[in-house]
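First the structure, in the form of structure tokens, and then the observations on it.
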Amino acid sequence: MNKNTNFRSGFITVIGRPNVGKSTLINALVGEKIAAVSDKPNTTRNRILGIRTLPDAQLIFLDTPGIHKARGPLGKVMVHTAMSAVQEADEIVMMIEVKEPFGKGDSFIIESLPKKSILVVNKIDTIKKNELLPILQDSKEFEGKFKEIIPISAINADGTQELLDTIVKYLPEGPKYFPEDMITDQPERFIAAEFIREKIFTLTQQEIPYQTAVAIEEFEEIPEKNLINISAVIYVERANHKGIIIGKKGEMLKQIGTLARGDIEKILGTKVFLELWVKVKDKWTHRENLIREFGYGD
């Protein structure tokens, strides 16, 4: 607990439609990669907590699944997870994409928020500066819904310092909830599984990424070798999906493992031996017991 009465702290939920850049922003604000990122929607499925400790404040960010018209049990769990995180928040960061601002999905989320939010307009690196002004003017349609409006490029960390300063300004005085060197509350097993799933999103196409789950079967630390031995199973819904993820002569699975291992080693700070298997769980995204078993939802 911090004894400085001027110290500020609180929980900040980042919310928005799928694929607007929420996880990229969380990683930029925390200063380390803790959330899976891809250019495909619905990469994030859980509430992921990221921590940034400053000399005068501790910001606890809640990354959330994108709000979308849910189809099937898994989609409904993801939307419920996101909306529940809003209720926990001291501050809300509502994120929109600069090229698709204030669509029906954005309007629905904004009107559903329980209090004023900080509006973040992301991906400003994809437009010319003079194209931003009309978007800021359009925000007046939601007068009274936003405390401030901040344009950023999460991928380039452009505007993120201004966003941090703005959030701190609105946080209440409070304690230091977590140790200074802690950047997430997620267990190492969860982070490893997320990075494996991220590479599946990055390397495969169409419906394959959405219909995969990753379960860590073994996570063994071997101190004398400065090594962690991880064995993970990638679950898919169809036999042909299994073939795609394994790839010709196992090349796709090997590539997934190589890229995931690099990210896992970076955040764990040690060498990793990663073994991957692929199994079929028929229609798991429609089976509530399996959705819970794979760690999604309450």
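Just so you know, in the stretch 111-148 the residues that are closer than 14 Å to residue 95 by Cβ and among the β-branched types (Val, Ile, Thr) include one that is farthest from the chain's Cα centre (by Cα), and it is 135.
When the residues of the stretch 127-166 are filtered to those that are among the small types (Gly, Ala, Ser) and assigned to a helix (DSSP H, G or I), which remaining residue is modelled with the highest pLDDT? The selected residue is 154. Taking every residue in the stretch 125-149 that is outside the structural domain of residue 14 (by TED's automatic domain parsing) and touching a residue at least 12 places away in the same chain (Cβ under 8 Å) and pairing it with any residue that is hydrophobic (A, V, I, L, M, F, W, C) and assigned to a helix (DSSP H, G or I), at least 6 positions away or on another chain, yields no pair with a Cβ-Cβ distance below 9 Å.
Would you mind stating whether residue 198 is closer than 23 Å to residue 13 by Cβ, surrounded by fewer than 16 Cβ atoms within 10 Å (Cβ to Cβ) and in contact with a Ser or Thr (Cβ under 8 Å, 6 or more places away or on another chain)? For residue 198, the condition - closer than 23 Å to residue 13 by Cβ, surrounded by fewer than 16 Cβ atoms within 10 Å (Cβ to Cβ) and in contact with a Ser or Thr (Cβ under 8 Å, 6 or more places away or on another chain) - is not met.
Does the stretch 262-282 hold any residues that are among the basic types (Lys, Arg) and over 17 Å from residue 215 (Cβ atoms), and which are they?
266, 271
The values are calculated or read from the model by the stated rules, or taken from the named source; none is laboratory data. What you see is a predicted model, and the numbers here were worked out from it, not measured in a lab. Quick reminder, even Gly has a Cβ in these numbers, built from the backbone with ideal geometry, and neighbours come from all protein chains shown.
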